Amino acid sequence: MALTKDGISPRSRLIAGMAKVLEQRALSELYADDVVKEAGVSKRTFYQHFANKEDCFLALYRENSARVLGVLKEASGSVGLSALERIQLGAKAYLAFMQGQSALMKRLYIDILYLGTEGMKAKREVLQQFADVLLAAYDAERALVPSLPPLDPELVLAIVAGINELILFKIEDGHADRLSDLESVSQRLILGQLLLSQAG
């Protein structure tokens, strides 16, 4: 893959360009030309990597979600901490990271809803990935305390989906810069499932 003079691949430049443009306007209001201009590459290069602006958006959605997931993994995977402590750290880091890019998160959360089947597929993939991280963190705890019961994966996915909707509501209400307000309720939702499983 050819790199530009700054060592960044054209595809990465286009994804970063899409992110910059989205901070200013909705996906429905922008054109591939806007992304091309922001990225500093040719229109031909754009179409070598993406079929259209929606395709580029989906690549950004998945890439940014992977970054957020990395933050969650790092925070919730801390060694020597209890499950509760890891949940607290994970929720805090996860929401703070998204709040730090509130303008972009607003567009990613809202515009993904208008991409039909492909958008829903990408959203479902991301939600499952986040649920898997929580399950892995709990399984690490079970390795140390074998008496702990397993978690129901579908319930964990339901919790992740619920937190996702709370974030969307916050964004739709114009408070994308206050996602950290959801830290406590997110922690309680996850912890409640842990306690319910242990009680059962």
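The values are calculated or read from the model by the stated rules, or taken from the named source; none is laboratory data. Keep in mind the model is a prediction, meaning the values are calculated, not measured. All Cβ positions, glycine included, derive from the backbone under ideal geometry; neighbour counts span all protein chains shown. Remember, those area values only see protein heavy atoms, side chains included, never the ligands or the DNA or RNA. Shrake-Rupley method; radii C 1.70, N 1.55, O 1.52, S 1.80 Å.
Summary of values
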item: Breaking point among (1) free of Cβ contacts under 8 Å to residues at least 24 places away in the same chain; (2) open to solvent by 30 Å² or more (accessible area, probe 1.4 Å), for residue 97; result: (1)
item: Leading residue by the ranking (nearest to residue 80 (Cα to Cα)) among those in the stretch 121-154 that are open to solvent by less than 80 Å² (accessible area, probe 1.4 Å) and in a loop (DSSP other than H, G, I, E, B); result: 145
item: Pairs with Cβ under 6 Å, 6+ apart, first in the stretch 15-28 and over 10 Å from residue 60 (Cβ atoms), second of a type in the set (Gly, Ala, Ser); result: 23/103
item: Filtered residues of the stretch 56-87 (kept if open to solvent by 60 Å² or more (accessible area, probe 1.4 Å), over 19 Å from residue 164 (Cα atoms) and assigned to a helix (DSSP H, G or I)); result: 74, 84, 85
item: Considering residues of the stretch 160-200 that are modelled with pLDDT of 85 or more, of a type outside the set (Gly, Ala, Ser) and open to solvent by less than 30 Å² (accessible area, probe 1.4 Å) only, the residue nearest to residue 104 (Cα to Cα); result: 171
item: Considering residues of the stretch 100-117 that are assigned to a loop (DSSP other than H, G, I, E, B) and open to solvent by less than 50 Å² (accessible area, probe 1.4 Å) only, the residue farthest from residue 53 (Cα to Cα); result: 101
